[in-house]
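Quick notes on the structure that follows.
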Amino acid sequence: MEILSERQTMDIISQGRSASEYVITNMLDEFEKKHPGLYRFIYGEPSDAIAEINHDMANLYLDLSCDVLWFFIKGFGNPPVTGSEKWTENHIALIDGELKSLSDEIPMPDRVRENLQSRFVQRSIETNIQVELMVYLNCEVARYSSFNKSRVEASQITRNFLFVLVRLMGDLYTEKAKA
């Protein structure tokens, strides 16, 4: 999977933002059928966790998650069908451990922390993390939260869940390339 430029990224996202509700709904329905675990990740616990802090930011997360799906599907074609809820759970667990290793607030042995941090960097490189997509998402979260101070508290968790989603999608497309 190639890393798309800022222009390519924004062109794809603009197309999604101007697509009809019918087209978006069909894309989401198809994605839910083929990837129920990933779909539930988007529309389940992360959204609920953000909503506990701020409902507006939870809605933004859902909107931006749709942008992420559109970006990958329109930019790289339909993802392979993993057929496994376990795949999603395993990949979320891997990413979770890697992210926790980045925080000194979470206690863990130094050797484990170093291994997880190294794996985090390596896997981010292997999945060709879409940097311009992440820049877009971070800017959108910052812009939206700046309009209302009550949203700021949910900014970091919103960014984190969007990052996890981008990594999950990158993992999925990396597996497509291997197949």
### Query
ALA58: over 16 Å from ILE92 (Cβ atoms) and in contact with an Asp or Glu (Cβ under 9 Å, 6 or more places away or on another chain), yes or no?
yes
### Query
What pairs can you find where one residue is in segment 79-99 and under 15 Å from GLU32 (Cβ atoms) and surrounded by 15 or more Cβ atoms within 10 Å (Cβ to Cβ), the other is modelled with pLDDT of 80 or more and of a type in the set (S, T, N, Q), and their Cβ atoms are less than 9 Å apart, with a gap of 6+ or different chains?
THR82/THR88
### Query
If you check GLY37 against the conditions, is it touching a Phe, Trp or Tyr at 6+ places or on another chain (Cβ under 8 Å), within 20 Å of THR158 (Cβ to Cβ) and in a helix (DSSP H, G or I)?
no
### Task
Enumerate the pairs (first residue in segment 6-29 and in contact (Cβ under 8 Å) with a residue 40 or more places away in the chain and farther than 18 Å from ASN78 by Cβ; second residue anywhere and open to solvent by less than 60 Å² (accessible area, probe 1.4 Å) and polar (S, T, N, Q)) with beta-carbon separation below 9 Å, excluding pairs fewer than 6 apart on the same chain, so at least 6 apart or on different chains.
THR9/GLN130
### Task
Answer yes or no: is there a residue in segment 125-147 that is in a helix (DSSP H, G or I), over 30 Å from HIS55 (Cβ atoms) and either open to solvent by 80 Å² or more (accessible area, probe 1.4 Å) or touching a helix residue (DSSP H, G or I) at 6+ places or on another chain (Cβ under 7 Å) (or both).
yes
### Query
Can you tell me which residues in segment 152-162 are open to solvent by 30 Å² or more (accessible area, probe 1.4 Å) and either in contact with a Gly (Cβ under 6 Å, 6 or more places away or on another chain) or part of a helix (DSSP H, G or I) (or both)?
VAL152, GLN156, ILE157, ARG159, ASN160, PHE161
### Task
Assess whether LEU69 counts as being within 26 Å of SER5 (Cα to Cα) and modelled with pLDDT of 85 or more.
yes
### Query
For the subset of segment 128-173 comprising residues that are free of Cβ contacts under 8 Å to residues at least 24 places away in the same chain and not polar (S, T, N, Q), which member is farthest from GLY97 (Cα to Cα)?
PHE147
### Query
GLY16 fails exactly one of the following numbered conditions: (1) under 15 Å from the mean Cα position of the chain (by Cα); (2) closer than 30 Å to GLU153 by Cβ; (3) not β-branched (Val, Ile, Thr). What is the number of that condition?
(1)
### Query
When segment 2-25 is examined, which residues are found to be in a loop (DSSP other than H, G, I, E, B), of a type in the set (Ser, Thr, Tyr) and exposed (fewer than 10 other Cβ atoms within 10 Å of the Cβ)?
SER20
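The values are calculated or read from the model by the stated rules, or taken from the named source; none is laboratory data. These figures come from a predicted structure and were not determined experimentally. Neighbour counts run over all protein chains shown; Cβ positions are idealised from the backbone, glycine included. When the accessible area is computed, the model is the full protein with side chains, heavy atoms only, and any ligands, DNA or RNA have been set aside. Shrake-Rupley method; radii C 1.70, N 1.55, O 1.52, S 1.80 Å.
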